[in-house]
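Contents: one structure, followed by commentary.
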Amino acid sequence: MKKPRLLAMTGRERMWFLATTASGMLTAMVAQKSIKAVYRAVRKEAPESFWDPTRVGFSWTDVVLWAGAAGVGLGVAKVLGERLATLGWEVATGSLPPGAVQEEQTA
């Protein structure tokens with residue numbers, strides 16, 4: 001019988017999993033608030049009204065553009081969160097996180 005993924009991890013891998021999960025949750029919240037703030041600044045209305053298809057000014061073009069922008073914003077937040085988690089791990093432990101590959105130095 002195969003062990004569940006989290007139980008099969010070593011203590012170091014489990015800590016890395018928890019660190020990246022916490023970092024991801026934090027950066028997702030920041031990204032969501034940032035996307036809503038940008039929407040408010042550009043459109044001068046609440047973001048919640050934008051996604052209402054019963055609204056008179058509803059436009060599929062706007063929905064697709066803002067969904068694309070939100071996707072890019074969340075992608076950037078994901079990369080930023082992973083990078084911050086890696087830097088935090090390196091500062092705390094003095095070593096690379098589990099699964100990370102050391103880049104070769106070129107002269």
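Annotation: Cα Rg of region 28-92 relative to the compact-globule expectation 2.2 N^0.38 Å equals 1.43. Couplings 3J(HN,Hα) for region 56-62, derived from phi with the Karplus relation 6.51 cos²θ - 1.76 cosθ + 1.60 (θ = phi - 60°), are 4, x, 4, 9, 5, 4, 4 Hz, where x marks Gly and Pro. Summing charges over neighbours of Leu74, with a neighbour being any other residue whose Cβ is under 14 Å away from its Cβ, gives +2 when K and R count +1 and D and E count -1.
Summarising the label geometry, the points placed 7 Å from Cα in the beta-carbon direction at Ala22 and Ala92 lie 0.5 nm from one another.
Bear in mind these aren't lab numbers, they're just calculated from the coordinates by the rules spelled out. This is a predicted model, so every value here is computed, not measured. With ideal geometry, Cβ positions are generated from the backbone for all residues, glycine too; neighbour counts draw on all protein chains shown.
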